[in-house]
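S.K.: I have a structure here, written as structure tokens, and I will follow up with some questions on it.
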Amino acid sequence: MAFTIRAPRAADAPVIADLHVATWKEAYAHLLPADYFSEEYVARRHRMWQHVLADRRDEMTIRVAEVDGTIVGFAWAGSGEGREGEGAPRDRLLYAIYVLASQYGSGVGQALLDEVLGTEPAMLWVAKENPRATAFYLRNGFRFDGVEQTDPHAPLITDARMVR
């Protein structure tokens, strides 16, 4: 199935927010409390994407993938960030990349990653409990650097930092 990659428009914010929620449900619902995807959670995603797309910073790169005019994935990269008291291990950070499960294996994820990071050095956080994502990043030259963290709102998910 053919797809296109493009920069998102401000009007895409609600669609991207809903996609963000849907892809999290597909990937992590089994690791999250039953009430995690509350109306407030969805509303926060909508506010976040409205803000991100309305007030873009120069260092951010955001792309969406479309199939037949429907957004099926997105990727978002920006400036690297270190943990408290630490410098960033890389200048670029992949904030997020999510693709609907129906698009797995289609090349959408690879195209999105290439668009927002290319082959430059970068860092990202991946849920250790997501072997599909981990394998994808390993294929793209990322390696674990030994740093991990747990989100207090999602204690069953351990995020591990990867760099290339």
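The values are calculated or read from the model by the stated rules, or taken from the named source; none is laboratory data. Quick caveat, the model's predicted, so the values are computed rather than measured. When we count neighbours, we look across all protein chains shown, and the Cβ atoms used for this are built from the backbone with ideal geometry, even at glycine. To get the accessible areas, we keep the full protein, side chains included, count just its heavy atoms, and leave off ligands, DNA and RNA. Shrake-Rupley method; radii C 1.70, N 1.55, O 1.52, S 1.80 Å.
S.K.: Where the eigenvalues come from the Cα gyration tensor of region 1-119, what are the semi-axes √(5λ) of the equivalent ellipsoid, largest first, in whole Å? Please report the intermediate quantities before stating the final value.
M.R.: Values: eigenvalues 91, 79, 48 Å².
Semi-axes (√(5λ), whole Å): 21, 20, 16.
S.K.: Considering only protein heavy atoms, what per residue accessible area in square angstrom results for the chain with a 1.4 angstrom probe?
M.R.: 52 Å²
S.K.: If you take the charge dipole of the chain about its Cα centre, with +1 on Lys and Arg Cβ and -1 on Asp and Glu Cβ, which of ALA11, SER106, ALA75 is farthest toward its positive end?
M.R.: Working it through, the farthest residue towards the positive pole turns out to be SER106.
S.K.: Right, another one. So, in Å, what gap is there between the alpha-carbon centers of region 6-49 and region 52-110?
M.R.: What the calculation gives is 14 Å, centre to centre.
S.K.: Which value in deg cm²/dmol, rounded to the nearest 500, describes the helix-derived mean residue ellipticity at 222 nm for the chain, given -39,500 (n - 2.57) per DSSP H run of n ≥ 4 and division by the residue count? Intermediate values should be presented prior to the final figure.
M.R.: Working: 4 runs with 51 residues, N = 164.
Helix contribution divided over all residues of the chain: -10000 deg cm²/dmol.
S.K.: Considering only protein heavy atoms and a 1.4 Å probe, what is the carbon-and-sulfur percentage of the accessible area of region 122-164?
M.R.: 55 percent
S.K.: Okay, next question. Within region 126-164, find all residues whose amide N lies under 16 Å from a label point positioned 7 Å from the Cα of GLU84 along Cα-to-beta-carbon.
M.R.: Residues 148-153 qualify, since their backbone N sits under 16 Å from the label point.
S.K.: With r as the distance between the Cβ atoms of THR158 and ALA34 and R0 = 25 Å, compute the FRET efficiency 1/(1 + (r/R0)^6) and round to 0.05.
M.R.: Efficiency at R0 = 25 Å is approximately 0.80.
S.K.: Where the only charges are on Cβ atoms (+1 Lys, Arg; -1 Asp, Glu), what is the dipole of region 6-130 about its Cα centre, to the nearest 20 debye?
M.R.: Numbers: 13 positive and 19 negative charges, 12 e Å.
Using Cβ point charges on Lys, Arg, Asp and Glu, region 6-130 gives about 60 debye.
S.K.: Under 5 Å between amide H atoms, partner at least 5 residues away or on a different chain: which partners does LEU93 have, H built in plane at 1.01 Å?
M.R.: Residues meeting the criterion, in which the H sits 1.01 Å from N, are GLY78, SER79, GLY80, MET123.
S.K.: Something else about it: Highest mean first, how do 4-11, 130-137 rank when packing is the count of other Cβ atoms within 10 Å averaged over residues?
M.R.: Averaged packing, sorted descending, gives the order 130-137, 4-11.
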